[in-house]
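To start, the structure itself, in structure tokens.
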Amino acid sequence: MSSTERSEAEQVAAVFPGPDDEPRYAIYYSPPAGHPLTRAAVHWLGRDAFRTARGSLAPEIHDEARSVTTEPRRYGFHATLKAPFRLAAGRHIDELEETLSRFAAACRPCPIGRFRIDLISGFFALVPVKPLPMLRAFASTIVDAFDPFRAPLNETELQRRLSHRLDDIETTHLVRWGYPYVFDRFRFHMTLTDKLPSGMQSRVRHRLDKLFGALTTDDYAIDALTLFEQARPGADFVVRSRFELKRGA
């Protein structure tokens, strides 16, 4: 960590100390529970975020998939629109859900288009075939609109984020917005694996192509906002509620 990063980390931690055991919430894109893409992800990850029961891994999960999906399994199949956050002081989850409902009712679906399987910094993810400025703008609007609900990062959260290699812009985004990959650094993606050693990548890609390949040619859109909840640090994220976007004229 650079001296600049340490300075910013120490400054934020001193001003915004906070408990480490509060629930966290995130605003994600996810297809519906019964969608073929969701079912394929459940088969691959071994967990269904739409199920509130936190049972063991699905018995059919392949041993290799089990070993390379630790992080995406815990977070659930999704694309991040507003990264996980604790609620700000004075805010309540019912208020967040009411605001999400009104926001979604006022927004038309946002096109994503077709997906492709891509390697991003060593992990595989589903990403749009074509970059869409409208998609980045929509995500940016969500980051800004729901930031009043976000508690400032506490020291644990900040240090965890700063343990990754961030440039100056990403560090600034982290301190201001609680997440480094927003606005100009946003990249829509649905994570499928942990970071993999190069020797595993070809074999894992082959498995992903077999499972997801036929589903990537559909035309996707963000047609709902899904609120995920993590009850406590280290727990699995599960779907709490889902809000459909406005349809029609």
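The calculated FRET efficiency for the pair ILE120 and GLU155, based on their C-beta separation and a Förster distance of 41 Å, comes to about 0.90.
For segment 180-249, the square roots of the Cα gyration tensor eigenvalues, ordered a ≥ b ≥ c, give a/c of at least 1.5 with a/b no greater than b/c, which places it in the oblate category. Sites counted here are trypsin sites (Lys or Arg not before Pro) in a DSSP loop (not H, G, I, E or B) having no more than 14 other Cβ atoms within 10 Å; the longest part of the chain that contains none of them is 55-113. Using only side-chain charges placed at the Cβ, +1 for Lys and Arg and -1 for Asp and Glu, the dipole size of segment 3-244 relative to its Cα centre rounds to 660 debye. Fully extending the segment from ARG74 to GLU22 would add 17.0 nm, taking 0.36 nm per residue of separation and subtracting the current Cα-Cα distance.
Where only DSSP H runs of four or more residues are counted, the chain gives -11000 deg cm²/dmol as its mean residue ellipticity at 222 nm, each run worth -39500 (n - 2.57).
Here's how it looks for ARG242: its modeled amide H is under 5 Å from those of LEU227, which are all 5 or more places away or on a different chain.
From the Kirkwood radius over Cα pairs of the chain, Stokes-Einstein at 10 °C and 1.306 mPa s returns a whole-number translational diffusion coefficient of 84 µm²/s. Sum up the charges of everything whose Cβ sits under 14 Å from the Cβ of GLU98, counting Lys and Arg as +1 and Asp and Glu as -1, but leave GLU98 out. Local net charge: 0.
List residues of segment 108-127, by number, whose backbone nitrogen lies under 20 Å from a label position 7 Å along Cα→C-beta of ASP209. Zone members listed by number: 114-127.
Of the beta bridges DSSP finds with both residues in the chain, what % are antiparallel, to the nearest 5? Given both bridge residues lie in the chain, the antiparallel proportion sits at roughly 100 percent. Once backbone amide H atoms are built at 1.01 Å from N, GLU22 has no partners under 5 Å, excluding neighbours fewer than 5 places away on the same chain. Taking amide H positions as modeled 1.01 Å from N, with prolines and chain starts lacking one, the residues under 5 Å from ARG150 and 5 or more places away or on another chain are ALA88.
Computed from the Cβ-Cβ distance with R0 of 45 Å, the FRET efficiency linking GLU64 to ARG176 stands at 0.70.
Taking every alpha-carbon pair under 8 Å whose residues sit at least 6 apart, the chain reaches a relative contact order of 35 percent. Over segment 180-249, Cα pairs under 8 Å with separation of 6+ residues give a relative contact order of 19 percent.
Laboratory data are not the source of any read-out in this text; all were calculated from the coordinates shown. Keep in mind it's a predicted model, so treat the numbers as computed, not measured. Ideal geometry is used to build each Cβ from the backbone, glycine not excepted, and the neighbour counts take in all protein chains shown.
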